[in-house]
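The values are calculated or read from the model by the stated rules, or taken from the named source; none is laboratory data. The shown structure was predicted, so the numbers you read here are calculated from the model rather than taken from an experiment. Positions of Cβ are backbone-derived with ideal geometry, glycine not excepted, and every protein chain shown enters the neighbour counts. With ligands, DNA and RNA removed, areas are computed over all heavy atoms of the protein, side chains included. Shrake-Rupley method; radii C 1.70, N 1.55, O 1.52, S 1.80 Å.
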Amino acid sequence: MYGMKDKAIEKLIQAEAKRQFEGLEMIPSENHTSTDVLKALGSRLTDKYSEGYPGKRYYGGCEFVDQVENLARDRAKKLFGVDHANVQPYSGSPANLAVYFALVDPGDTVMGMHLYYGGHMTHGLKVNFSGTLYHSVQYHTGKDGYLDYDEMAGMVTKEKPKLIFVGATAYPRIFDWKKLRDIADLNKAWLVADISHIAGLVVGGVHPSPVGFADVITTTTHKTLRGPRGAMILCNGNPSSPLKAVERKAENLPTLIDRAIIPGLQGGPHNHQTAAIAVALGEAATPEFKAYAKQIVKNAQTLAKELAGKGYNLVTGGTDNHLLLIDLTNKKIIGAEAEAALGKAGITVNKNTVPFDPRPPFSPSGIRMGTPALTTRGMKESEMVQVAEWIDTAITHSSDEKILNKLSNDIKTLAKQFPLPSDK
Ligand SMILES: Cc1ncc(COP(=O)(O)O)c(C=O)c1O
């Protein structure tokens, strides 16, 4: 299909494409990119070195990659409504690392949501750089699964963090950015919104934007935003701050961020990735994308309603966004077993901790699933009703190979009616 000389790799690429096409990808951080995004990723831009920023490079021959990066930056600024965008972070984790590097010093107190309650590793987990280089204090959700804003406020007053990360990898509800700003202001802390999961929902107008509340916003580009793997750091401030002896104040944020990326952390930007980000941002600015974002949420809410109706215990009782977190304790099955059974049937989800999980993180009580990828394929509410039925059958009959086999065939039949963007 690709006509590659390296048959070993070609075969694996084809096998993965087939797996995606014939199954249902329900990992909420995944999506299916457009053919234009794939074309930009597979272009000659990957050959080019261009350390620095447009107009200020350490390499010659950058006249075209400068234009690519400027387009990506301009589209990001317009789409999110900010005056500065750095599109060079290699991925979400390095983007977050850059923000710490820009705004705090090793040993400073930082705050983030605990991984087991929905946060990301880079938000201060003890075994991550963010929990070893910095004095990390972690906030949680309440028993109801909702972010515990009161606990956060108390922690800020007591621990006096200099920086607070807000954003999640497994949180099904909306963030109240105004409340979070007020909490950060209790200690004049930097508020960093990591909207990696929800960026597509934010630009689609179905999740409130942190712009105007957070000092800095980080996001991956490959989840609901539906771009290539990559990340961006967004902020407002005066981009013409002098480069020397920059004070850590709001007006200097663009300079602090840019310097943290290079020379602070990274070398040459991945120009093919930057071009693909520009393409995705162009796509995300269309009315079709707005409709897509709305449908992601409608689909997730339909799935939530159906599964709740079948006795599934949804953390917070439902969802406002693209994902569901399900505590399987009452179903007498653990997350890993459900993940395996669903996998055999052709539905890819991941095992996940649930708030106050009594089980260890490698064998947690729950599963996490989402609708961005299925929605990209054109699935709507009626398909979600069917998918919920299949999920329930697979979990209820998790060790019945015959039933799982039959499910796998039914799922393939449906999946093939909804091609991936590149197969359309
Ligand atoms: C909230 C959040 N931040 C950051 C990241 C890190 O992104 P990456 O995997 O690209 O390093 C993720 C990825 O899952 C995430 O969910």
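Among the residues of region 28-65, write down those that are acidic (D, E) and either open to solvent by less than 30 Å² (accessible area, probe 1.4 Å) or not in a helix (DSSP H, G or I) (or both). Even if it seems obvious, please write down each step before you answer.
Step one: filter region 28-65 for residues acidic (D, E), giving 30, 36, 47, 51, 63.
Selection gives E30, E51.
Let's see how each residue does on (1) more than 15 Å from the ligand (Cβ to nearest atom); (2) touching a Phe, Trp or Tyr at 6+ places or on another chain (Cβ under 8 Å); (3) among the acidic types (D, E); (4) under 24 Å from R181 (Cβ atoms):
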{"residue": "G61", "(1), (2), (3), (4)": "yes, no, no, no"}
{"residue": "V65", "(1), (2), (3), (4)": "yes, no, no, no"}
{"residue": "L79", "(1), (2), (3), (4)": "yes, no, no, yes"}
{"residue": "S93", "(1), (2), (3), (4)": "no, no, no, no"}
{"residue": "V104", "(1), (2), (3), (4)": "yes, yes, no, yes"}
{"residue": "H114", "(1), (2), (3), (4)": "no, yes, no, yes"}
{"residue": "K126", "(1), (2), (3), (4)": "yes, no, no, no"}
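Quick one: is R229 of a type in the set (K, R) and either in contact with a Ser or Thr (Cβ under 7 Å, 6 or more places away or on another chain) or assigned to a loop (DSSP other than H, G, I, E, B) (or both)? I'd like the intermediate steps shown before the answer.
On the way: of a type in the set (K, R): yes; either in contact with a Ser or Thr (Cβ under 7 Å, 6 or more places away or on another chain) or assigned to a loop (DSSP other than H, G, I, E, B) (or both): yes.
So R229 fits the description; yes.
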### Query
Considering region 347-384 alone, what residues qualify as being open to solvent by 20 Å² or more (accessible area, probe 1.4 Å), in a loop (DSSP other than H, G, I, E, B) and touching a residue at least 40 places away in the same chain (Cβ under 8 Å)?
P355, F356, D357, P361, G378, K380
### Message
Just to be sure I understand, how many residues within region 186-196 are within 13 Å of the ligand (Cβ to nearest atom), open to solvent by 10 Å² or more (accessible area, probe 1.4 Å) and assigned to a loop (DSSP other than H, G, I, E, B)?
### Response
1
### Query
So which of G268, G282 ends up being modelled with pLDDT of 95 or more, open to solvent by 20 Å² or more (accessible area, probe 1.4 Å) and either among the small types (G, A, S) or not in a helix (DSSP H, G or I) (or both)?
G282
### Task
Examine region 321-331 for a residue that is assigned to a loop (DSSP other than H, G, I, E, B) and surrounded by 24 or more Cβ atoms within 10 Å (Cβ to Cβ), and state whether such a residue exists.
yes
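Within region 78-92, does at least one residue satisfy the condition of being assigned by TED's automatic domain parsing to the domain that holds L186, part of a helix (DSSP H, G or I) and either in contact with a helix residue (DSSP H, G or I) (Cβ under 6 Å, 6 or more places away or on another chain) or without any contact (Cβ under 8 Å) to a residue 60 or more places away in the chain (or both)?
As a first pass, look at region 78-92 and keep what is assigned by TED's automatic domain parsing to the domain that holds L186: 78-92.
Then keep just the ones that are part of a helix (DSSP H, G or I); that gives 78-80, 92.
Restricting the remaining residues to those that are either in contact with a helix residue (DSSP H, G or I) (Cβ under 6 Å, 6 or more places away or on another chain) or without any contact (Cβ under 8 Å) to a residue 60 or more places away in the chain (or both) gives 79.
Checking region 78-92: at least one residue is assigned by TED's automatic domain parsing to the domain that holds L186, part of a helix (DSSP H, G or I) and either in contact with a helix residue (DSSP H, G or I) (Cβ under 6 Å, 6 or more places away or on another chain) or without any contact (Cβ under 8 Å) to a residue 60 or more places away in the chain (or both).
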### Message
Return the residues of region 197-236 that are within 14 Å of the ligand (Cβ to nearest atom), closer than 23 Å to V104 by Cα and not aliphatic (A, V, I, L, M); say none if nothing qualifies.
### Response
P210, T218, T219, T220
### Task
Name, by its number, the condition in (1) open to solvent by 40 Å² or more (accessible area, probe 1.4 Å); (2) within 16 Å of the ligand (Cβ to nearest atom); (3) closer than 29 Å to P269 by Cα; (4) touching an Asp or Glu at 6+ places or on another chain (Cβ under 8 Å) that does not hold for L97.
(4)
### Query
Which numbered condition trips up S408, out of (1) out of contact with any Phe, Trp or Tyr (no Cβ under 9 Å at 6 or more places or on another chain); (2) closer than 21 Å to K223 by Cβ?
(2)
### Query
Within region 274-288, can you find the residues that are touching a residue at least 40 places away in the same chain (Cβ under 8 Å) and among the β-branched types (V, I, T)?
T274, I277, V279
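From the list K162, K179, which residue is of a type outside the set (V, I, T), touching an Asp or Glu at 6+ places or on another chain (Cβ under 7 Å), without any contact (Cβ under 8 Å) to a residue 60 or more places away in the chain and more than 16 Å from the ligand (Cβ to nearest atom)?
Numbers: K179 fails: touching an Asp or Glu at 6+ places or on another chain (Cβ under 7 Å).
Sole residue among the options that is of a type outside the set (V, I, T), touching an Asp or Glu at 6+ places or on another chain (Cβ under 7 Å), without any contact (Cβ under 8 Å) to a residue 60 or more places away in the chain and more than 16 Å from the ligand (Cβ to nearest atom): K162.
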### Task
Output the residues belonging to region 83-94 that are surrounded by fewer than 24 Cβ atoms within 10 Å (Cβ to Cβ) and within 15 Å of the chain's Cα centre (by Cα).
Y90, S91, S93, P94
### Message
Would you confirm whether or not region 224-241 contains a residue that is closer than 25 Å to F64 by Cα, at pLDDT below 95 and either surrounded by 20 or more Cβ atoms within 10 Å (Cβ to Cβ) or over 15 Å from the mean Cα position of the chain (by Cα) (or both)?
### Response
yes
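On the basis of being modelled with pLDDT of 95 or more, more than 11 Å from the ligand (Cβ to nearest atom) and in the same structural domain as G124 (by TED's automatic domain parsing), does V246 make the cut?
Numbers: modelled with pLDDT of 95 or more: no; more than 11 Å from the ligand (Cβ to nearest atom): yes; in the same structural domain as G124 (by TED's automatic domain parsing): yes.
Against the criterion (modelled with pLDDT of 95 or more, more than 11 Å from the ligand (Cβ to nearest atom) and in the same structural domain as G124 (by TED's automatic domain parsing)), V246 does not qualify.
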### Summary
Residue hits (region 197-224; part of a loop (DSSP other than H, G, I, E, B) and of a type in the set (S, T, Y)) are S209, T221, T224
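When you look at T169, is it farther than 25 Å from K223 by Cα and either hydroxyl-bearing (S, T, Y) or within 15 Å of the ligand (Cβ to nearest atom) (or both), yes or no?
Details: farther than 25 Å from K223 by Cα: no; either hydroxyl-bearing (S, T, Y) or within 15 Å of the ligand (Cβ to nearest atom) (or both): yes.
No, not satisfied.
In this structure, does K416 turn out to be in contact with a Phe, Trp or Tyr (Cβ under 9 Å, 6 or more places away or on another chain) and of a type in the set (D, E, K, R)? If you could, list the steps in order and put the result at the bottom.
On the way: in contact with a Phe, Trp or Tyr (Cβ under 9 Å, 6 or more places away or on another chain): yes; of a type in the set (D, E, K, R): yes.
Yes: the conditions hold for K416.
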### Query
Is it the case that region 36-52 has a residue that's under 20 Å from A231 (Cβ atoms), within 16 Å of the ligand (Cβ to nearest atom) and hydrophobic (A, V, I, L, M, F, W, C)?
yes
